[in-house]
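To start, the structure under review is shown below, and the notes come after it.
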Amino acid sequence: MRRKIVVGNWKMNGSLASNEALLKALAEKIPQTTPVDIVVCPPYPFLFQTQSYLKNSPIRWGAQNVAKFESGAFTGEVSVSMLNEFGASYVIIGHSERSTAYCESDENIATKFMMVKKAGMTPILCVGETLIEREAGIMEKVVSKQLDTIIKMYGEEIFDESVIAYEPVWAIGTDLAASPEQAQAMHQFIREKLSSNNKVAKSLKIIYGGSVNPQNALQLFSMPDVDGGLVGRASLNASDFESICHSAEI
């Protein structure tokens with residue numbers, strides 16, 4: 001049985017003071033024996049602070065993005081080796097908020113995916129469709145294309161020990177989450193698409209993101225192909241995030 005994972009994406013939120021309160025509360029609330037993999041992804045400047053407070057807890061930490069280059073004249077970028085120095089073990093790749101704002105191509109996302117894998121960290125690849133694409137009935141075609149670029153460049157085996165986050169763009173930050181049935185249908189589609197490789201089929205985790213909260217988490221996580229969640233706003237509240245993590249203990 002796949003071990004579930006809950007990832008908190010803080011986005012561009014936080015301060016030294018508010019982070020301290022949040023991280024202390026999470027470290028106290030989450031028991032060492034938790035049966036769920038728990039990850040928080042703060043903005044880059046707070047990685048050291050996050051590492052300091054969580055290093056003796058069961059909670060892991062990661063980044064919200066990474067450069068596709070190892071080093072060089074790329075002002076404002078952060079490399080995988082830099083993230084490794086702060087103990088990051090996960091990296092969110094291809095989040096729609098970044099892809100939309102910075103016009104990131106599927107090829108760039110694929111390259112970043114490989115960089116994260118080569119560095120020994122776990123990529124969390126975000127895929128998903130817009131509301132227009134869902135209403136047109138092409139959501140599976142859209143998600144398939146996002147996966148196909150990585151498969152074409154690096155092969156299906158690259159998804160071994162990786163995480164895919166299905167995040168319908170229309171649900172992110174809108175309080176309009178996908179229904180458990182909608183989430184299950186897409187997760188099943190993704191799993192079946194990658195099931196020809198037995199190793200990938202056993203190790204790949206597919207999680208749902210898009211307005212996950214304490215009220216809907218249990219229903220979403222109870223779906224057979226939903227392996228956890230990528231949580232935005234609710235991850236900034238220790239009690240809400242703890243509640244969502246408990247919902248994954250099923």
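Restricting the first member to the range 135-155 and to residues that are more than 11 Å from Lys193 (Cα to Cα) and without any contact (Cβ under 8 Å) to a residue 60 or more places away in the chain, and the second to residues that are charged (D, E, K, R) and surrounded by 14 or more Cβ atoms within 10 Å (Cβ to Cβ), the beta-carbon pairs closer than 7 Å and six or more apart or on different chains are Met139/Glu129; Met139/Glu133; Val142/Glu129; Val142/Glu133; Gln146/Asp106; Thr149/Asp106. Taken across the range 48-59, residues that are hydrophobic (A, V, I, L, M, F, W, C) and touching a Pro at 6+ places or on another chain (Cβ under 6 Å) do not occur at all.
Considering only residues in the range 136-148 that are of a type in the set (Val, Ile, Thr) and open to solvent by less than 50 Å² (accessible area, probe 1.4 Å), the one that is nearest to the chain's Cα centre (by Cα) turns out to be Val143. Scanning the range 12-26 for residues that are charged (D, E, K, R) and either closer than 14 Å to Ser239 by Cβ or touching a Pro at 6+ places or on another chain (Cβ under 6 Å) (or both) yields a single hit, Lys24.
The single condition among (1) aliphatic (A, V, I, L, M); (2) open to solvent by 10 Å² or more (accessible area, probe 1.4 Å); (3) without any contact (Cβ under 8 Å) to a residue 40 or more places away in the chain that Ala177 does not meet is (3). Regarding Ile164, is this residue more than 28 Å from Ala110 (Cβ to Cβ) and surrounded by 20 or more Cβ atoms within 10 Å (Cβ to Cβ)? No: the conditions fail for Ile164. Yes or no: the range 10-17 includes at least one residue that is surrounded by fewer than 16 Cβ atoms within 10 Å (Cβ to Cβ), under 18 Å from Asn56 (Cα atoms) and more than 16 Å from the chain's Cα centre (by Cα). Within the range 10-17, not a single residue is surrounded by fewer than 16 Cβ atoms within 10 Å (Cβ to Cβ), under 18 Å from Asn56 (Cα atoms) and more than 16 Å from the chain's Cα centre (by Cα). Applying the selection to the range 58-78, what residues are farther than 17 Å from Asn108 by Cβ and under 20 Å from the mean Cα position of the chain (by Cα)? Passing the criteria: Pro58, Ile59, Arg60, Trp61, Gly62.
Note on the range 180-196: residues that are under 17 Å from Ala217 (Cβ atoms) and open to solvent by 60 Å² or more (accessible area, probe 1.4 Å) total 2. None of Ile172, Ile151 is over 26 Å from Ala27 (Cα atoms) and crowded, with 20+ Cβ neighbours inside 10 Å except Ile172.
Matching residues to (1) aliphatic (A, V, I, L, M); (2) within 25 Å of Thr34 (Cβ to Cβ); (3) open to solvent by 30 Å² or more (accessible area, probe 1.4 Å):
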position	(1), (2), (3)
Thr50	no, yes, no
Ile59	yes, yes, no
Asn65	no, no, no
Thr75	no, no, yes
Asn84	no, yes, yes
Ser89	no, yes, yes
Ile92	yes, yes, no
Tyr102	no, no, yes
Ile109	yes, no, no
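Taken over the range 126-135, the criterion of being surrounded by 18 or more Cβ atoms within 10 Å (Cβ to Cβ) and either hydroxyl-bearing (Ser, Thr, Tyr) or in a helix (DSSP H, G or I) (or both) is satisfied by Glu133, Arg134.
The values are calculated or read from the model by the stated rules, or taken from the named source; none is laboratory data. Since we're looking at a predicted model, the values are computed, not measured. Note that we place each Cβ from the backbone using ideal geometry, even for glycine, and neighbour counts take in every protein chain shown. What goes into the accessible areas is simple: the full protein's heavy atoms, side chains included, and nothing from ligands, DNA or RNA. Shrake-Rupley method; radii C 1.70, N 1.55, O 1.52, S 1.80 Å.
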